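Following: one structure in structure tokens, then a few remarks.
Every number here is computed from the coordinates shown, using simple stated rules; none is lab data. Keep in mind that this is a model prediction, so the values were computed, not measured. Ideal geometry is used to build each Cβ from the backbone, glycine not excepted, and the neighbour counts take in all protein chains shown.
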Amino acid sequence: MSTLLLSNMFVERKNKFAYSSEEPLHWKKTDFTILRHNTPNTKEGKATWINEKILLNVGDKTFILDRHLVNIKNAIVASESLLQLEDDWDEEGAIATNKLTYSRAIELLINYSRNLLTTYNSIISVPEINITKNGSIDLEWRTENYILLINIQNTADLNVHYYGEDYKGKTIIKGFIESFLINNDLAFWMQKLV
């Protein structure tokens, strides 16, 4: 469903409507439900359709993200420069990452971000996306009370390690991921990273 931005309000149509090219469209204020007010950069009297989904191309895959995950999308786009690094990028013998390792990291980030949004109605904070000396990719979140590191190894098979810590309660979560299926324990713990 699309959302209409009208007079500084996001609105959504209450009922489906039939459209005939023979009849002009007439909308009344009562046809819409207000979703929220105070949208910046909107001129009074102008209406703009807001895209609900964001398309993101990574390698040979196209991902569809909810518009609430735009910050995740922006972090992914910014991290694409990691693929430009060559061997010895740190002048100390570091190995470059490859497209497979990078795309696995991005797919995991997208999968867990979407899962948190749909399952827990939580928008995860943006992680740091970095390359390590051995060409693996780190996804790292640090908040005031929590840290989570997900390391995607630069190997032929999917090999992912994760470690999370709660500074206050000293709760630790750690383990391995060997598929793109959501690890429910990890996803539940990731709610803390909003």
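Put simply, segment 72-129 fits an ellipsoid with semi-axes of 28, 10, 9 Å; these come from the alpha carbon gyration tensor as the roots of five times its eigenvalues, largest first. Residues of segment 139-156 falling in the label zone of Asp90, defined by backbone nitrogen less than 18 Å from a point 7 Å along Cα to beta-carbon, are 139-141, 149-155. Loop-located GluC sites (Glu not before Pro) across segment 52-134 with a Cβ neighbour count of 10 or fewer within 10 Å are Glu86, Glu91, Glu92, with loop assigned by DSSP. What FRET efficiency comes out for Leu83 versus Lys168 if R0 is 35 angstrom and r is the Cβ-Cβ distance? Round to the nearest 0.05. Efficiency computed from Cβ-Cβ geometry: 0.40.
Let me know the shape class of segment 38-194, please: from the alpha-carbon gyration tensor, a ≥ b ≥ c as square roots of the eigenvalues, rounded when a/c is under 1.5, otherwise prolate if a/b is greater than b/c, or oblate. It is oblate, given that a/c is not under 1.5 and a/b is not larger than b/c.
Quick one: if the Förster radius is 35 Å, what FRET efficiency do Thr143 and Glu52 give, using the C-beta to C-beta distance and rounding to 0.05? So, using R0 = 35 Å, E works out to roughly 0.80. What does the charge count near Trp189 come to, summing +1 for each Lys or Arg and -1 for each Asp or Glu among other residues with Cβ under 13 Å from its Cβ? Net charge in that neighbourhood comes out at -1. I want the local charge near Val70. Using Cβ-Cβ distances under 15 Å, sum +1 for each Lys or Arg and -1 for each Asp or Glu among the other residues. Surrounding charge for Val70 is +2.
Using the Cβ atoms and a cut-off under 12 Å, what net charge is assigned to the surroundings of Asn130, where Lys and Arg are +1 and Asp and Glu are -1? In short, -3.
Between Asp157 and Arg67, the FRET efficiency estimated from the beta carbon spacing at R0 = 45 angstrom works out to 0.85. Applying both filters, DSSP loop and at most 15 other Cβ atoms within 10 Å, to the GluC sites (Glu not before Pro) of segment 132-194 gives Glu144, Glu178. Across segment 56-67, rounded Karplus estimates of 3J(HN,Hα) from the backbone phi angles (6.51 cos²θ - 1.76 cosθ + 1.60, θ = phi - 60°) give 9, 9, 10, x, 9, 10, 10, 10, 10, 10, 5, 4 Hz, Gly and Pro being marked x.
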